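The block underneath contains the structure these notes are about, expressed in structure tokens.
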């Protein structure tokens, strides 16, 4: 096992990784921007280096600056967390070229799966079901209109190299598709410099369900259950639960088997998620994309499986045998993203946190990126913390979640806590019958 790990991320995920690194007796090294100098993860690390200004493009996203920090601190491994550089295949290659351990899948796997069209084609070859769509980039609006007629409306247009739902647009008719195409293309060129677009059939009443996989050091791929991430606003996750109430036992087995095949098809190593769209009425699923690394919702799997996924990532990267628990998942768990934002229209909010009081008790876990006295700036990600709860069954976990949300006090800055309280009392969420359109129905926008 390497002696030191540089965590190339910020906020709650950096703090979460640092916790496990230190628990294993390894040296935890943080990097930070000027805007984040006072955040808890910086103080919790054994050593911390300033990367640059608050703008992530001038700090966390500067791969050379991160590698220089690794050199200066004599780090032996780099853990990218999620987002930022985590799914940047070139950065992963550079880490390995410097003789450092990359706590993630092989760079080639990242590159092959980072393109949504290529990933779709690979998974089709591996036997996974995919939604009707195209097999190569759509070069122009005319081609998009022709393909949409073949696929059938409604369709969704996606940047092939996009992440976090950026640039996604849905069209129900040709006029809307023209606009959707231009919107998606502009996002694609701005975010990745690549205009490649994917066109697929849009499933309006679908659920978004992901399967946690681990590619072990010996080449074996295992699946560790599913997580339902259908509660989204602007295609970004707000709440999640495990197991999905919209997936029956037979469908779950098919999805777990398919996720293992997906990992095997690309020689996957480390933690990853196979994301799917599920038609709950037909109990069918379609491959959506594969995320090559740790996901924000990983604590759910940890709570029901009794496993530390970051520890397993470290063991796999070191060539060690994973230590996986046996048996089925235990109980039910929910995760809620606490955002600094207006709870009605979800616009980001900034300012100093005057009060931060967390709920506590059995079955409650909080992965926090901020504390009382910290300031949320315009360049910060709005995710303040993740509140996770576990119960013996879904009803018990729901009751615990309601109590925890009510007890969580954050003052001085607007948050989505009122929305989350509303969500927990919504009939569809309480019954587990929701889909990806729930937030839109709740807000009417």
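Could you please let me know if residue 108 is in a loop (DSSP other than H, G, I, E, B) and either surrounded by fewer than 23 Cβ atoms within 10 Å (Cβ to Cβ) or not assigned by TED's automatic domain parsing to the domain that holds residue 214 (or both)? Answer is no for this residue.
If you go through the stretch 345-364 and keep only what is part of a loop (DSSP other than H, G, I, E, B) and in contact with a helix residue (DSSP H, G or I) (Cβ under 7 Å, 6 or more places away or on another chain), you end up with 359, 363. Determine, yes or no, whether residue 245 is at pLDDT 95 or above, more than 22 Å from residue 119 (Cβ to Cβ) and not in a loop (DSSP other than H, G, I, E, B). No, not satisfied.
Looking at the stretch 248-264, can you tell me whether even one residue there is in a loop (DSSP other than H, G, I, E, B) and in contact with a helix residue (DSSP H, G or I) (Cβ under 8 Å, 6 or more places away or on another chain)? Checking the stretch 248-264: not a single residue is in a loop (DSSP other than H, G, I, E, B) and in contact with a helix residue (DSSP H, G or I) (Cβ under 8 Å, 6 or more places away or on another chain). Could we say that residue 261 is surrounded by fewer than 21 Cβ atoms within 10 Å (Cβ to Cβ), touching a strand residue (DSSP E or B) at 6+ places or on another chain (Cβ under 9 Å), over 25 Å from residue 310 (Cβ atoms) and free of Cβ contacts under 8 Å to residues at least 40 places away in the same chain here? Spelling it out, it is not the case that residue 261 is surrounded by fewer than 21 Cβ atoms within 10 Å (Cβ to Cβ), touching a strand residue (DSSP E or B) at 6+ places or on another chain (Cβ under 9 Å), over 25 Å from residue 310 (Cβ atoms) and free of Cβ contacts under 8 Å to residues at least 40 places away in the same chain.
Name the one entry in 161, 148, 144, 166 that is at negative phi, assigned to a loop (DSSP other than H, G, I, E, B) and buried (at least 19 other Cβ atoms within 10 Å of the Cβ). Just one listed residue meets the conditions, 161.
Within the stretch 31-44, the set of residues being touching a helix residue (DSSP H, G or I) at 6+ places or on another chain (Cβ under 7 Å) and not in a strand (DSSP E or B) comprises 36, 39, 40, 41, 42, 44.
Check whether at least one residue in the stretch 45-60 is surrounded by 19 or more Cβ atoms within 10 Å (Cβ to Cβ), part of a helix (DSSP H, G or I) and modelled with pLDDT of 95 or more, and report yes or no. Among the residues of the stretch 45-60, not one is surrounded by 19 or more Cβ atoms within 10 Å (Cβ to Cβ), part of a helix (DSSP H, G or I) and modelled with pLDDT of 95 or more, which makes the answer no.
Okay, residues lined up against (1) farther than 24 Å from residue 350 by Cβ; (2) over 24 Å from the mean Cα position of the chain (by Cα):
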{"residue": "16", "(1), (2)": "no, no"}
{"residue": "49", "(1), (2)": "yes, yes"}
{"residue": "70", "(1), (2)": "yes, yes"}
{"residue": "78", "(1), (2)": "yes, no"}
{"residue": "83", "(1), (2)": "no, no"}
{"residue": "86", "(1), (2)": "yes, no"}
{"residue": "91", "(1), (2)": "yes, no"}
{"residue": "94", "(1), (2)": "yes, no"}
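For the stretch 114-123, check the following and say yes or no: at least one residue is closer than 30 Å to residue 379 by Cβ, in contact with a helix residue (DSSP H, G or I) (Cβ under 8 Å, 6 or more places away or on another chain), in contact (Cβ under 8 Å) with a residue 40 or more places away in the chain and surrounded by fewer than 23 Cβ atoms within 10 Å (Cβ to Cβ). Yes, because at least one residue in the stretch 114-123 is closer than 30 Å to residue 379 by Cβ, in contact with a helix residue (DSSP H, G or I) (Cβ under 8 Å, 6 or more places away or on another chain), in contact (Cβ under 8 Å) with a residue 40 or more places away in the chain and surrounded by fewer than 23 Cβ atoms within 10 Å (Cβ to Cβ). Of the strands (runs of 3 or more DSSP E) entirely within the stretch 269-340, those holding at least 2 residues that are at pLDDT below 95 and buried (at least 23 other Cβ atoms within 10 Å of the Cβ) occupy 284-291. Within the stretch 391-445, being in contact (Cβ under 8 Å) with a residue 60 or more places away in the chain, surrounded by 13 or more Cβ atoms within 10 Å (Cβ to Cβ), more than 18 Å from residue 231 (Cα to Cα) and touching a strand residue (DSSP E or B) at 6+ places or on another chain (Cβ under 7 Å) holds for 391, 408, 410, 412, 413, 414. Based on what the data block shows, is residue 333 touching a strand residue (DSSP E or B) at 6+ places or on another chain (Cβ under 6 Å) and not assigned by TED's automatic domain parsing to the domain that holds residue 36? Criteria met by residue 333.
Among the residues of the stretch 1-15, write down those that are farther than 23 Å from residue 321 by Cβ and either in the same structural domain as residue 316 (by TED's automatic domain parsing) or crowded, with 24+ Cβ neighbours inside 10 Å (or both). If the condition is that a residue be farther than 23 Å from residue 321 by Cβ and either in the same structural domain as residue 316 (by TED's automatic domain parsing) or crowded, with 24+ Cβ neighbours inside 10 Å (or both), then 6, 7, 8, 9, 10, 12, 13, 14, 15 are the ones that fit.
The values are calculated or read from the model by the stated rules, or taken from the named source; none is laboratory data. Owing to the predicted nature of the structure, the values given are computational and were not obtained by experimental measurement. With ideal geometry, Cβ positions are generated from the backbone for all residues, glycine too; neighbour counts draw on all protein chains shown.
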